Amino acid sequence: EANPLPIFYKNREGRYIGCNAAFESFIGLKRDQIVGKTVFEVAAEEMASKCHEKDEELFASPGAQAYDYKIKKKDGSVRDVIFNKATYTDRKGNVIGLIGSISDVTELRKINRELSLSIEKWENTFDAFDDIIFIIDKNCRILQSNKSVKKNFLGININGSLCYKIIHGENAPPEYCLCQQTFKEGVTKSIESF
């Protein structure tokens, strides 16, 4: 009952034999309206068909199962969920039912989409500069470079390379390297080169 995830139990005939309060809340029915019923008696036809199909697959190949689904709630909202189900057995090892949980990942997927768009915008802006731009870490490894770098280095992808080998042709960071001076002194350095 303390688990915030909606959890349900079914017997081998596909009838609910138990659930937690989170499942009651999620499905919008009280426990006495769920227990003893099949998914076809408590859920919309499309969802019930999908759940029944996946239950039968799980009973045919006992173990664990996870799948994505979009649920239309009674209030009209659509939620992205992940069903996680697993069979359970009696003492003799016979499959006698399944236990399942539902994870609502709607907000997480929304955040991931927004993050992907933000990354895409940043990369487009980064690549729009004609100047050679790259980002390096304190170990002199090039983490990211823009398209101009690839263009000026004849199509070579230098990401992951050591900058002093690429830029200076040295086997160690030279003292005159502006990046090294910036890391050491913590102030911006610049030089013009033609």
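Give the range of the longest stretch in the chain that excludes all GluC sites (Glu not before Pro) found in loop regions by DSSP and having at most 10 other beta-carbon atoms within 10 Å.
The segment 14-174 is the longest one with no such site.
Cross-link candidates for residue 73: which aspartates and glutamates have Cα within less than 16 Å, leaving aside residues fewer than 8 places away along the same chain?
Cα-Cα hits under 16 Å: 24, 41, 45, 46, 104, 107.
Within the set 54/74; 72/121; 30/110; 50/85; 74/121, which residue pairs have Cα atoms separated by over 25 Å?
Details: 54/74 22 Å; 72/121 32 Å; 30/110 30 Å; 50/85 13 Å; 74/121 36 Å.
Pairs exceeding 25 Å: 72/121; 30/110; 74/121.
For the range 37-132, state the semi-axes of the equivalent ellipsoid (square roots of 5 times the eigenvalues of the alpha-carbon gyration tensor), sorted largest first and rounded to whole angstrom.
Values: eigenvalues 329, 68, 18 Å².
Gyration-tensor ellipsoid for the range 37-132: 41, 18, 9 Å.
Nearest 20 debye, what's the magnitude of the dipole of the chain about its Cα centre given +1 on Lys and Arg Cβ and -1 on Asp and Glu Cβ?
On the way: 28 positive and 28 negative charges, 86 e Å.
Magnitude of the dipole: close to 420 debye.
Could you tell me how far the Cα centroid of the range 1-62 sits from the Cα centroid of the range 92-124, in Å?
20
Which order do 134, 59 take by accessible area at a 1.4 Å probe, largest first?
On the way: 134 60, 59 20 Å².
Of 134, 59, the descending order of accessible area is 134, 59.
I want to verify the translational diffusion coefficient of the chain in µm²/s; compute it with Stokes-Einstein, Rh as the Kirkwood radius over Cα pairs, at 20 °C and 1.002 mPa s.
Details: Rh = 21.8 Å.
Reported coefficient: 98 µm²/s.
What FRET efficiency, computed as 1/(1 + (r/R0)^6) with R0 = 22 Å and r the Cβ-Cβ distance, is obtained for residue 60 and residue 99, rounded to the nearest 0.05?
Numbers: r = 17 Å, r/R0 = 0.78.
Efficiency at R0 = 22 Å is approximately 0.80.
Obtain the nm distance between the two label points defined at residue 1 and residue 72 by a simple spin-label model: each point lies 7 Å from its Cα along the Cα-to-C-beta direction.
Calculated label separation equals 3.5 nm.
The values are calculated or read from the model by the stated rules, or taken from the named source; none is laboratory data. Since this is a predicted model, take the numbers as computed values, not measurements. Don't worry about glycine lacking a Cβ; one is built from the backbone with ideal geometry, like all the others, and counts go over all protein chains shown. Side chains included, ligands, DNA and RNA excluded: accessible areas come from the protein's heavy atoms. Shrake-Rupley method; radii C 1.70, N 1.55, O 1.52, S 1.80 Å.
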